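Beneath this line is the structure, given in structure tokens, with notes to follow.
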Amino acid sequence: MGNANKVTLQQKKSGLTDANLLLIITIVVFFVMYASAMAFLGEGFLKAQTLFDMLNNNAALIIVSCGMSLVMICGGIDISVGGVVALVSMCSGIFIEYKGGNIYGALAVSIAIGLAFGIVQGYLVAYLNIQPFIVSLAGMFFAKGMTTIVSSDLESSTFNVMNEAFVKIKDIDIIIPFLGYTNKHGKYMDAHIEIGVIVAIVIVVLLFCVLRWSKLGRNFYAVGGNMQSALMLGINVRRTKFLSHIMCSLLAGIGGFVYFLHIGSGSPSHASGMEMNAIASSIIGGTMLTGGVGNIIGTFFGVLSLSTIQNIVSSLGLGEAWWTGITIAAMLCLFLVVQSIIMSRQKIMLAVRNFFNRRKN
């Protein structure tokens, strides 16, 4: 018992908690992978725009993964987020292209859809004690079905939004000075990021602050870590779970709008598999499926790690989807094993010490 207290005190003094160690591992793995790609594959990886393109292409996934991390930290899960993103993209496209709406109205529609899913699913999980996997599975099927239904009256279920005002906003790029590159035709191109990347980074920073310094953030960790202890501390467990699902679905709605801004079209096939990528990004980022442990910064680097894997596989000429899937699966399994080892390292250290103590005696 004394040894356990010593280990805990040493961790507190050094600040190297299990969550911090998982975060460090995630960041190191990303930089090692990217540096290796730069060293051995070169070409595109040596351009700063490659990293910016990773952010441009995955801004929506970053936002959705942050929401997934919140609900996982609280001990739940939400696999409806991919369906919500597709539904938001479709509804926003129809609203602007066929109903004469503007981009601000589409944003309001996106937020409303996210809130609706969050309120219904959060109530079923928190107040009716239905398993979050079952609830969000139903939500996923409902969102995908609604995406097809709302597009059933169109000439084509897949369409591009050609609204002039929308296209102008969609094509806005934020120039990054001094990091441009020369293309194949010898023309200098400015490095740039899209508006969605700014939105994603702002959300990452806000959620990091919420989890680190707010009472709500502490409640998320407490409920996910040990629900009974949270109840004894006077935390409203049901309300905390409810809020985690609302925030997750709300972020899925915002992520869906950012996704729509990036692709500028609607289709029932949009965001296919995004919920799985969000879960994988959260796990790689150090969020535990069992709840109580997670970090939004880690989730951000988890998304970048997945994107780096995809780029590396593509650069190696293995463009087939299964190679990317196999690589991601291997990386996911590796991180699950690492998480298991880290979370039980105190027990392992004590067992090793006791073993050597017995040998000495």
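Each of V313, V337 has its accessible area taken with a 1.4 Å probe; listed largest first, they run V337, V313. Across the accessible surface of the chain, with the other protein chains kept in place and a 1.4 Å probe, carbon and sulfur atoms take up 66 percent.
With everything on Cα atoms, drop me the angle between helix 195-213 and the longest principal axis of the chain, reported from 0 to 90° to the nearest 10. So the helix axis and the longest Cα principal axis differ by about 30 degrees.
Contact order, relative form, for the chain: 32 percent (alpha carbon pairs under 8 Å, 6 or more residues apart, mean separation divided by residue count).
Every helix of 4 or more DSSP H residues in the chain counts as -39500 (n - 2.57), and over all residues that averages to -24500 deg cm²/dmol at 222 nm. Once the C-beta distance of T17 and I326 is scaled by a Förster radius of 25 Å, the resulting FRET efficiency is 0.15 to the nearest 0.05. Projected onto planes of every orientation and averaged, the convex hull of the alpha-carbon atoms in the stretch 222-264 covers 3.3 nm². The heavy atoms of I341 offer some 90 square angstrom of accessible surface to a 1.4 angstrom probe.
Residue ranges 221-231, 80-90 sort as 80-90, 221-231 when ordered by packing (mean number of other C-beta atoms within 10 Å per residue, highest first). Across all Cα atoms of the chain, the radius of gyration (one decimal) and Dmax (whole number) stand at 22.2, 83 Å. Sorting I342, I176 by solvent-accessible area of protein heavy atoms yields I176, I342, largest first, with a 1.4 Å probe. Solvent-accessible surface (1.4 Å probe) assigned to I172 amounts to roughly 80 Å².
Accessible surface calculations at 1.4 Å, restricted to protein heavy atoms, place the chain at 50 Å² per residue. Largest accessible area first, the residues C91, C74 order themselves as C91, C74 under a 1.4 Å probe with ligands, DNA and RNA left out.
Measuring only protein heavy atoms, the 1.4 Å probe finds I111 accessible over about 60 Å².
The values are calculated or read from the model by the stated rules, or taken from the named source; none is laboratory data. None of these values were measured; they are calculated from a predicted model. So basically every Cβ, Gly included, is an ideal-geometry build from the backbone, and we count neighbours across all protein chains shown. SASA here: full protein model, heavy atoms, side chains in, ligands and nucleic acids out. Shrake-Rupley method; radii C 1.70, N 1.55, O 1.52, S 1.80 Å.
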